Amino acid sequence: QYQTAKQRETIFELEKKSLEQNLAIARETKRRNTLFFVVGGMLLIIIASLSRLNYVRNSKRIVEKEKKRSDELLLNILPAEVAEELKNTGKAEAKHFENVTVLFSDFKDFTSLSEHFNATELVEEINFYFVGFDNIISKYGVEKIKTIGDSYMAASGVPNANPDSAKTMVLVAIEMMALTMERNIYNQKAGKPRLDMRIGLHTGPVVAGIVGVKKFQFDIWGDTVNIASRMESACETNRINISA
């Protein structure tokens, strides 16, 4: 009540400036908060987009990896041409091949000899031969058809024509027999029983195609297959029996 007019004016000016400063600070704080939320929102969008992109890339890699794996598995049981036809059309038509050489191999008295091996040894022994046979036919471009017990079946000239199918398969048979003879020498030194093998060959026409719906199997049919099987069963041990 004792303040002069000049003092009151000064106090008013100071309060006014203080209020203006507070308003300016409030506006700046609001601007910064708004900027923070905008930038934060943009960062969240960018992070979410990058995460999504990374997820899509990872998913794509997984899909491609699984596709490659399924293709490799398919090629393990089917010829490449047949597998490609099956993927593109969902089916593979049976085809006739005129000049195919079929090979059958079999171990003599395998059932009785298997009694001298335990389960693990038996599987390892037969796997040694079949892996070796697989490597040999891959070397000559021959198609493995199937194995039944200790019997191994392969064909040259299917699904790709080979005018020298007979010569090719004879070379395959010779290498298969050599592998068996070398293994017998090793087994004898190790005190294990020997496995004597017979091989039969025949050349002629066959029909080839896929059988089954759950577990696809590429197979061949015809008298050529039957005669090749008879050539093997009528063969002497450690010999290759070739039809006329």
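The values are calculated or read from the model by the stated rules, or taken from the named source; none is laboratory data. Keep in mind the model is a prediction, meaning the values are calculated, not measured. Reconstructed Cβ throughout: ideal geometry from the backbone, glycine too, with neighbour counts over all protein chains shown.
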- Criterion: in a helix (DSSP H, G or I), at pLDDT 70 or above and more than 40 Å from the chain's Cα centre (by Cα) - qualifying residue of Val56, Val39, Val63: Val39
- Task: Kindly indicate the residue of the stretch 89-107 that is in contact with a strand residue (DSSP E or B) (Cβ under 6 Å, 6 or more places away or on another chain), modelled with pLDDT under 95 and among the small types (Gly, Ala, Ser) and also surrounded by the fewest Cβ atoms within 10 Å (Cβ to Cβ) among those meeting that condition.
- Result: Ala94
- Message: Out of the residues in the stretch 108-160 meeting the condition of being under 20 Å from the mean Cα position of the chain (by Cα), in a helix (DSSP H, G or I) and of a type in the set (Val, Ile, Thr), tell me which one is surrounded by the most Cβ atoms within 10 Å (Cβ to Cβ).
- Response: Ile137
- Task: Starting from residues that are in contact with a strand residue (DSSP E or B) (Cβ under 7 Å, 6 or more places away or on another chain) and farther than 19 Å from Asn99 by Cα, keep the ones in the stretch 211-232 and report whichever is modelled with the highest pLDDT.
- Result: Glu232
- Answer yes if at least one residue in the stretch 173-192 is surrounded by 19 or more Cβ atoms within 10 Å (Cβ to Cβ) and farther than 21 Å from Gly132 by Cα, and no otherwise. no
- Would you point out the residue of the stretch 143-170, among those that are among the hydrophobic types (A, V, I, L, M, F, W, C) and at pLDDT 95 or above, that is nearest to Glu182 (Cα to Cα)? Val170
- Task: Test Lys192 against the criterion of being part of a strand (DSSP E or B) and modelled with pLDDT under 95, and give yes or no.
- Result: no
